[in-house]
Structures are given as structure tokens and as C-alpha cells.
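No value in this document is a laboratory result; all are computed from the given coordinates. Quick caveat, the model's predicted, so the values are computed rather than measured. Positions of Cβ are generated from backbone atoms using ideal geometry, with glycine treated the same way; all protein chains shown enter the neighbour counts.
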Amino acid sequence: MIEHLATVISDEGDGWLLPTPWYNGFKGDLEATAQVQIVSVEIEQGREGELEEVRAMDREMQRRKDEGVKQKITAVLVTNPHNPLGMF
């Protein structure tokens, strides 16, 4: 489903923000058909699911703007990376 969504809402080369760590299956889901790039956002361990995660994403968007990064961000994918393994 994520692969199909990426194909519809993103163009080739666009980026999706994903907080780290992320499920390794997303790489194939996003890059295989949609050719969307994962833009990893480092989240301090233990701060996942907190407001700090949103702030980290905002800082990354601001950094990209300040540095003149041309790649368009078309989505933010906030997930629990362990959900596929049923750990939480």
C-alpha cells in the first residue's frame, strides 16, 4: 500500500521523511516502483513517539531550506519500526 501511495503522491526523486530507526522494508517499498528517496531523520533513542520527534523533523526541513536542497519532500512517514516484528 505504501508503494502505491508513493507512486500516486510523489514524483521520481522526491523524498519522504522517515524517523530513524525505520523498518528496512520501506527501502524496497519506496524505491522500487515510486523511486522515492528516504530522507532519514535521526531521533534520539528513547524519544521516539514524543514531541521531540516532531521537532527533529522540523529541524531537518529547516536545514534543507537553509542549505537550498532542491529535493521536494512530499510525505512524512511516522511509524513504529518494530511493528512488523510485533515487539511493541
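The HN-Hα couplings worked out from phi for segment 47-53 by the Karplus form 6.51 cos²θ - 1.76 cosθ + 1.60 (θ = phi - 60°) are 9, 4, x, 10, 4, 4, 5 Hz, whole numbers, x standing for Gly and Pro. Residue by residue, segment 4-15 carries 3J(HN,Hα) couplings of 5, 4, 4, 5, 7, 9, 10, 9, 3, x, 5, x Hz when phi is fed to the Karplus relation 6.51 cos²θ - 1.76 cosθ + 1.60 (θ = phi - 60°); x denotes Gly or Pro. As a rough footprinting exposure proxy, the listed residues 1, 61 were ranked by other beta carbons within 10 Å of their own, and the order from fewest upward is 1, 61. Once the convex hull of all Cα atoms in the chain is built, its volume per residue stands at 88 Å³. In percent, rounded to a whole number, the relative contact order of the chain is 39, using alpha-carbon pairs under 8 Å and six or more apart. Summarising the amide proton neighbourhood of residue 43: residues at separation of 5 or more, or on other chains, whose placed amide H is nearer than 5 Å comprise 20.
The dipole here belongs to segment 2-80: it is taken about the Cα centre, uses +1 on the Cβ of Lys and Arg and -1 on the Cβ of Asp and Glu, and is about 200 debye. Each helix, a run of at least 4 DSSP H residues, gives -39500 (n - 2.57); summed and divided by the residues of the chain, these come to -10500 deg cm²/dmol at 222 nm.
Would you mind ranking 38, 9 so that the residue whose beta carbon has the fewest other beta carbons within 10 Å leads the list?
Working: 38 17, 9 13.
The order, fewest Cβ neighbours first, is 9, 38.
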